[in-house]
1. Contact list please: Cβ distance under 9 Å, first residue in the stretch 174-195 and closer than 24 Å to Asp243 by Cα, second residue assigned to a loop (DSSP other than H, G, I, E, B) and β-branched (Val, Ile, Thr), pairs at least six apart or on different chains.
2. Can you name every residue in the stretch 147-172 that is farther than 16 Å from Thr123 by Cα and in a strand (DSSP E or B)?
3. Of these, Ala257, Ala248, which one is within 20 Å of Pro190 (Cα to Cα), among the aliphatic types (A, V, I, L, M) and surrounded by 20 or more Cβ atoms within 10 Å (Cβ to Cβ)?
4. Can you pull out the strands (runs of 3 or more DSSP E) entirely within the stretch 203-280 that have at least 1 residues that are more than 27 Å from Ala302 (Cβ to Cβ)?
5. Run Thr18 past the list (1) in a loop (DSSP other than H, G, I, E, B); (2) modelled with pLDDT of 95 or more; (3) of a type in the set (Val, Ile, Thr); (4) within 30 Å of Asp270 (Cα to Cα) and report the number of the one that doesn't hold.
6. Quick one: in the stretch 302-323, of everything that is of a type in the set (S, T, N, Q) and in contact with a strand residue (DSSP E or B) (Cβ under 9 Å, 6 or more places away or on another chain), which residue is surrounded by the most Cβ atoms within 10 Å (Cβ to Cβ)?
7. Polar (S, T, N, Q), touching a helix residue (DSSP H, G or I) at 6+ places or on another chain (Cβ under 6 Å) and surrounded by 21 or more Cβ atoms within 10 Å (Cβ to Cβ): does that describe Asn299?
Amino acid sequence: MRRIPRLAAATAAAAALTVLAGGPASAVDPTVTDPHIVAHFDFAAGETPENIALEPDGSADITLAFAHKVVRVAKDGTKTPVAELPTVANPQTPNLGAALALGIARAHDGTLYVAYATGTAETGIWRIAPGGGAPRQIAQLPADAFPNGIALDEHCDTLYAADSNRGEVWSIPLDGGDPFVWASGPELAPSPQLPFGANGLKLHDGAVWVSNTAQSTLLRIPFEEDRSAGPIETRATGLTGIDDFTFAGHDDTVLAALNTVNKLELVRPDGTHKTVLTEADGLDNPTSAAVRAKTLYVNSAAFFDTVAPDPNLLLARISRNKL
């Protein structure tokens, strides 16, 4: 059976470093019910679900990291291939050595953008035209970059990418301009124990939000008036193995995938958090989450499952309580 190179060894030591923060129950916490797996993937073929972008009909466009493919999964579990990124003959991806399709973002016209980490000139952002077809590289990043979570700001024709290896956030103009480091600092950095720093990334309420896997934190970086990066704020700590995340609604409540501990964590605006889904619900090293209306989507990649790896897409119902 295919094993994921070096990732388990790099991450397992961090799983026990941090104790999850508890918090008082809130009358307005969203509730998550009826979790059920709608699609399974082939772990041995590298089909490790990594990131999600949602289509208007509720289908999920999912990157399969080690297979470097994008597949569309309907809410009933039906799978449709979308695109495959080019094979790299001798990938030198930092810390892993294998090419990976990572973050994905969708424009309103159906264009998809995918982060590809290879350790070669193919590292960067690739565009998939509406309806699929051959991906085309639109931005090249340094070979030592590890572009992970991405988010699209269509109003400014800019894409932002979290760099897990360099501990930075890239700003990538979609008009052909050169990418540049938009934010950096120790808050975004990896650690000697776990070489994966800035990981998930979302745009929300005038800021770029970033998770840091190595530091078990959720960060907020506000936009200044000129769209430069403001001071980095730590919004939550104790999020062991945090990967990507999503917002539960219009406020700052977050649902975060805790990869190494098989949990989906609800993070309140005050930074306290609680577990809402676990391995018992079907999680197997969850990597990302998304919300559309009353549906919650969670990817699991099964990276570290040495017994019965079950990469899958899980759906659940999310309800937002009111005072």
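1. Filtered contacts from the stretch 174-195: Ala183/Ile232; Gly185/Ile232; Pro186/Ile232; Glu187/Ile232; Leu188/Ile232; Pro190/Thr213; Leu194/Thr213.
2. Matches in the stretch 147-172: Ala151, Leu152, Asp153, Thr158.
3. Numbers: Ala248 fails: within 20 Å of Pro190 (Cα to Cα).
Only one candidate passes the filter, namely Ala257.
4. Values: elements: 207-212, 217-222, 233-236, 242-247, 254-258, 263-267, 273-278.
Strands (runs of 3 or more DSSP E) meeting the threshold: 207-212, 217-222, 233-236.
5. (2)
6. In the first step, residues of the stretch 302-323 are kept if they are of a type in the set (S, T, N, Q); the result is 306, 312, 319, 321.
From what's left, in contact with a strand residue (DSSP E or B) (Cβ under 9 Å, 6 or more places away or on another chain): 312, 319, 321.
Numbers: Asn312: 22, Ser319: 10, Asn321: 10.
Among those that are of a type in the set (S, T, N, Q) and in contact with a strand residue (DSSP E or B) (Cβ under 9 Å, 6 or more places away or on another chain), it is Asn312.
7. Numbers: polar (S, T, N, Q): yes; touching a helix residue (DSSP H, G or I) at 6+ places or on another chain (Cβ under 6 Å): no; surrounded by 21 or more Cβ atoms within 10 Å (Cβ to Cβ): yes.
Against the criterion (polar (S, T, N, Q), touching a helix residue (DSSP H, G or I) at 6+ places or on another chain (Cβ under 6 Å) and surrounded by 21 or more Cβ atoms within 10 Å (Cβ to Cβ)), Asn299 does not qualify.
Listed here are the residues, each with its yes/no results for (1) closer than 23 Å to Pro231 by Cα; (2) in contact with a Leu (Cβ under 8 Å, 6 or more places away or on another chain); (3) of a type outside the set (S, T, N, Q); (4) crowded, with 20+ Cβ neighbours inside 10 Å.
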site	(1), (2), (3), (4)
Gly133	no, no, yes, no
Ile138	no, yes, yes, no
Ile150	yes, yes, yes, yes
Asp163	yes, yes, yes, yes
Ser184	yes, no, no, no
Leu188	yes, yes, yes, yes
Phe196	yes, no, yes, yes
Asn199	yes, no, no, yes
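The values are calculated or read from the model by the stated rules, or taken from the named source; none is laboratory data. Just so you know, these numbers come straight off a predicted model, no measurement behind them. Methodologically, a virtual Cβ is constructed for each residue, glycine included, from the backbone with ideal geometry; neighbour enumeration extends over all protein chains shown.
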